[in-house]
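Novice: The structure that follows is given in the form of structure tokens.
The values are calculated or read from the model by the stated rules, or taken from the named source; none is laboratory data. Computed from a prediction, not measured in an experiment: that's the story for all the values here. Note that we place each Cβ from the backbone using ideal geometry, even for glycine, and neighbour counts take in every protein chain shown. In case anyone asks, the SASA skips ligands and DNA or RNA and just uses the protein heavy atoms, side chains included. Shrake-Rupley method; radii C 1.70, N 1.55, O 1.52, S 1.80 Å.
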Amino acid sequence: MGYENILVHVDGRIGVVTLNRPKALNALNSALIAELNRALDGFETDDGISTIILTGSDRAFAAGADIKEMQGLSFPGTYTGDFITSWERLSRFRKPVIAAVAGYALGGGCELAMMCDILLAADNARFGQPEIQLGIIPGAGGSQRLTRAVGKAKSMEMCLTGRTLSASEADMYGLVSRVVPLADLMTEAMKVADTIANLSLPSVMMAKESVNRSFETTLGEGIRFERRLFQSLFASDDQKEGMAAFVEKRSPNFNNR
Ligand code: CAA
């Protein structure tokens, strides 16, 4: 089955998903989210895929949830239908996800980007949670993930006023991994993805799981969790290969990629 709201392609071991509703600045409607989730399900179970890139257009990563679709919603339908919960599929994706963000990443667009693991921002990117201007609040984790990323003071100003951040502010506040020129965004994202795709996938997935655990638990529990994963990796042939390659002064050739 094809896609109408996203473009999906594979480059080696890298899956690339491009949000593609250009006339609506990639506003996230339910059809787009269903397609994104279907693509994620496919990549999750595909042994040929190690990592994915999520991107949009030069003008907009995504300008938020589709306001025209949401306009007619009412309570209790939003509650009984558990509106927005399906968006969380991305945050449960177990392989690394690189967000390549250019232009607007607003509302749900900023929230999707924050669900990714590595966030590369083009120098024209703008991040914000402007929901308050619509009489609502962030609904896909924005008030939580943004606060963990940039702290209470910045998050409060953004969530309470809708102020957006430039790419350089987002970089300074720790919201993004780094900023690159717009023209280089996809090349840089592919380089990062390619680096990860050549590593040992079990250790990459465990590193992701371990970092994410730090948001869910106490320091002591998190450290014990990390320690068990770390110890278990000594059962893998990739640990043998990685360390042998270092000692023999050559590049590792991991089995489990
Ligand atoms: N939903 C639906 N359509 C949208 C949209 C959105 N979030 N954002 C932009 N569009 C549409 C516009 O309606 C317009 O369509 P028409 O040509 O048919 O009128 C088209 O995209 C182009 O947009 P603009 O003409 O507004 O472009 P601009 O360059 O003047 O402004 C913008 C760009 C500042 C991003 C402006 O479009 C904007 O403010 N968009 C809404 C941003 C927003 O409020 N996002 C939060 C949504 S709520 C949410 O996301 C909830 C959640 O937590 C999940």
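Novice: Of everything in region 13-52, what is open to solvent by 50 Å² or more (accessible area, probe 1.4 Å), assigned to a helix (DSSP H, G or I) and away from the ligand (no atom under 16 Å from the Cβ)? Give them in sequence order.
Specialist: ARG38, ASP41, THR45
Novice: Of all the helices (runs of 4 or more DSSP H) wholly in region 115-184, which have at least 1 residues that are within 16 Å of the ligand (Cβ to nearest atom), buried (at least 20 other Cβ atoms within 10 Å of the Cβ) and more than 15 Å from the chain's Cα centre (by Cα)?
Specialist: Once the helices (runs of 4 or more DSSP H) in region 115-184 are filtered for at least 1 residues that are within 16 Å of the ligand (Cβ to nearest atom), buried (at least 20 other Cβ atoms within 10 Å of the Cβ) and more than 15 Å from the chain's Cα centre (by Cα), what remains is 152-161, 167-172.
Novice: Has region 81-90 got any residue that is within 16 Å of the ligand (Cβ to nearest atom), open to solvent by 80 Å² or more (accessible area, probe 1.4 Å) and under 19 Å from LEU119 (Cβ atoms)?
Specialist: So far as region 81-90 goes, no, none of its residues is within 16 Å of the ligand (Cβ to nearest atom), open to solvent by 80 Å² or more (accessible area, probe 1.4 Å) and under 19 Å from LEU119 (Cβ atoms).
Novice: Looking at SER200 and the list (1) surrounded by 13 or more Cβ atoms within 10 Å (Cβ to Cβ); (2) on the phi > 0 side of the Ramachandran plot; (3) not aliphatic (A, V, I, L, M), which single condition is not satisfied?
Specialist: (2)
Novice: Shifting gears a bit: Scanning for something touching a helix residue (DSSP H, G or I) at 6+ places or on another chain (Cβ under 8 Å), in a strand (DSSP E or B) and either open to solvent by less than 10 Å² (accessible area, probe 1.4 Å) or touching a residue at least 24 places away in the same chain (Cβ under 8 Å) (or both), does region 63-80 turn up at least one residue?
Specialist: Yes, region 63-80 contains a residue that is touching a helix residue (DSSP H, G or I) at 6+ places or on another chain (Cβ under 8 Å), in a strand (DSSP E or B) and either open to solvent by less than 10 Å² (accessible area, probe 1.4 Å) or touching a residue at least 24 places away in the same chain (Cβ under 8 Å) (or both).
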